[in-house]
Amino acid sequence: MGTRKKVQKDNAKFKKDPNWIENEDKDSEEEQLEDLVFGGGSFRQHIHVDHEKDDLTDEEHEGDSELFFFDSGGIKDQRKEQEEDDGSSQNESPNNQSSGVSRRPELTSTSKWVDPDDEELRISIASDKRLRKLRKTQDEDIIAGNEYEQRLRNQFEAINPVPQWANKSRKKRRRDEMEDDDKLLSRVEKIINTNTSDAILPSTRHTLEKGIIDIERLRDGNQVSKTEGDIKAVMFHPSPSVSVMLTAGGDRRLKLFTVDGKTNPLLQTVHIPSLPIGSAVFHPSGSTVLLTGPRPFFFRYDLQSGVCSKSPRGLWGTFTSKVDDGEHSLEISAFSPAGDVLAVAGRQGRIYLVDWKSGSPQVIASFKMNTPVKSLWWNPAASVTDQQELYTLGENSDVYIWDVRSQTCLRRWRDDGGFGATQITGSPQSDFLAIGSRSGIVNVYGRRDNSSNPKPLKSLGNLTTSITGLHFNHSSELLVMSSRVKKDQLRLVHLPSLSVFSNWPTFNSPLGRISTSAFSPNSEYLAIGNTGGRVLLYGLHHYWNK
């Protein structure tokens, strides 16, 4: 009990005088121990020294606020700058008073950090040999720090230009922005067209200029799934709203890709072991794909159901014919514009017409030429006038024009020069007709020439090997002609002027041996298949802006 009272008394004494320990009487042992540890009785005096003089340096002690300061990087005296900040802070509100730390420089949209010393620095660029290249005039010497930084940056960019991959990414971003703007513009035009007449709204279409074409190489159309062997067929879906491209090659596989110019993902692969695919085309309706080859049967792939079905019976009623018998080969074939008739080239100049409207296709008629058939083409303009005209090209360069409904030959004439024709095709508007030959000559005719011996508008002799591919674009402004005999044998023709573009392809264009080519429905893309199993994809900027 006595001990508890003594503790309470000591606690009360401590609250009244915190330094009560120093006022207590100390015995001799404690004083002796204190002198040994703290160096004598003068220690307590030095503990409480504030602005007294130091015994060693004879200088007055300074407060903490005078001993320490924050360096803001300026050239002026730091104490003087702090005094100015303290003086100016007295006129500010309490919430905005400075705590002795200098304010950060304001950030700009072009720089993440700004050093205020750059404006005060002065650098001599004439005294250092390595810096003399930064001078703009011979007499220039002293420049500011920020100007020095900018000149160093310009010098670095001149020595190390922007890499090609960065330029491509910028172009792609600009192209994506342009596509978004075009979509918005098309929507606005549709709204305006519903409220105004066509005469009020001017046409936004621009004419394709000759000489130089704005073309860009994109990622290969089949890069995610390359074909083993040569590319036999490349074709875009006939609907502009469906960005799908088919490829077929020597590996007996049909592949469908979504074309976006960036990744071009693979949609579907169909393997047909029993058919060496020689041709693959979309039906004009876009619902199915016809697969043919040197066999008396065909395969039909339904895009909606994903089912690939073989023809129930041969077009000639049997499957027992010889495998390589050209009479039963369907490689050279073409759909009519409406898709109700399929024309097939047989042996000895025969052309068979297959009814495609019925569930089981059968031969309904046939024509006969004097020479073997090399190529077929349907005239789309004739279907508008409720007619069906089929153009057939013979080995001796004879051109036959057939009326399918009456099954008669309307006209017959020979290609100018008779160079041994290989290909015939026409433009979608039937403005032009092109015929290629074994010598590499391509004759371009006007469709309005109905004479018995028409003369070509121009003979294009830019290629020197046998023509194996001719394709027009949707607007009849471009013609691509190619040959697979040699590497890089392709030219792009500007039809309004009948001249070849001079800037493409170049020596660095990796075209290879070209086996086929195709334009997209609105000509945004040009696909080129080669014997190496690649489908090169190019973007035509002129049609991106429409």
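The values are calculated or read from the model by the stated rules, or taken from the named source; none is laboratory data. As the structure is a computational prediction, the values presented were derived from the model and not from experiment. Cβ coordinates were reconstructed from backbone atoms using ideal geometry, including for glycine residues, and neighbour counts include every protein chain displayed. Areas reflect the complete protein model, heavy atoms only, side chains present, ligands, DNA and RNA absent. Shrake-Rupley method; radii C 1.70, N 1.55, O 1.52, S 1.80 Å.
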- prompt: Would you say Pro312 is within 21 Å of Val535 (Cα to Cα), outside any strand (DSSP E or B) and more than 29 Å from the chain's Cα centre (by Cα)?
  reply: no
field: Number of the condition not met by Ile467 [criteria: (1) touching an Asp or Glu at 6+ places or on another chain (Cβ under 7 Å); (2) more than 18 Å from Ser430 (Cα to Cα)]
entry: (1)
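Here's the yes/no breakdown for (1) modelled with pLDDT of 65 or more; (2) closer than 20 Å to Tyr525 by Cβ; (3) under 31 Å from the mean Cα position of the chain (by Cα):
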site	(1), (2), (3)
Asp139	yes, no, no
Gly145	yes, no, no
Glu149	yes, no, no
Asn154	yes, no, yes
Ala158	yes, no, yes
Pro161	yes, no, yes
Arg173	yes, yes, yes
Glu179	no, yes, yes
message: Just the residues that are β-branched (Val, Ile, Thr) and touching a Lys or Arg at 6+ places or on another chain (Cβ under 9 Å), please, taken from segment 204-249.
response: Thr204, Thr227, Ile231, Thr247
query: Take the residues of segment 454-465 that are open to solvent by 10 Å² or more (accessible area, probe 1.4 Å) and of a type outside the set (Val, Ile, Thr): which is nearest to the chain's Cα centre (by Cα)?
result: Asn462
task: Would you mind listing the strands (runs of 3 or more DSSP E) fully within segment 347-396 where at least 2 residues are open to solvent by 50 Å² or more (accessible area, probe 1.4 Å) and touching a strand residue (DSSP E or B) at 6+ places or on another chain (Cβ under 8 Å)?
output: 362-368
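Every residue, every condition in (1) at pLDDT 95 or above; (2) open to solvent by 30 Å² or more (accessible area, probe 1.4 Å); (3) in a strand (DSSP E or B), yes or no:
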residue	(1), (2), (3)
Pro428	no, yes, no
Gly436	yes, no, yes
Val444	yes, no, yes
Arg448	no, yes, no
Ser452	no, yes, no
Ile467	yes, no, no
query: How many residues are buried (at least 16 other Cβ atoms within 10 Å of the Cβ), at pLDDT below 90 and of a type outside the set (Phe, Trp, Tyr) when one looks only at segment 295-313?
result: 3
message: Quick check on segment 220-232. Is at least one of its residues of a type in the set (Lys, Arg) and either in a strand (DSSP E or B) or free of Cβ contacts under 8 Å to residues at least 24 places away in the same chain (or both)?
response: yes
message: Condition (residue is in contact (Cβ under 8 Å) with a residue 12 or more places away in the chain, acidic (Asp, Glu) and touching a strand residue (DSSP E or B) at 6+ places or on another chain (Cβ under 9 Å)) applied to segment 243-258: is it met by at least one residue?
response: yes
field: segment 397-418, residues that are assigned to a loop (DSSP other than H, G, I, E, B), free of Cβ contacts under 8 Å to residues at least 24 places away in the same chain and over 17 Å from Tyr352 (Cα atoms)
entry: Gly418
- prompt: Restricting attention to segment 406-426, and to residues there that are over 20 Å from Ser482 (Cα atoms) and at pLDDT below 90, which single residue is least open to solvent (accessible area, probe 1.4 Å)?
  reply: Ser406
statement: Counting only residues in segment 259-268 that are aliphatic (A, V, I, L, M) and without any contact (Cβ under 8 Å) to a residue 60 or more places away in the chain, the one least open to solvent (accessible area, probe 1.4 Å) is identified as Leu266
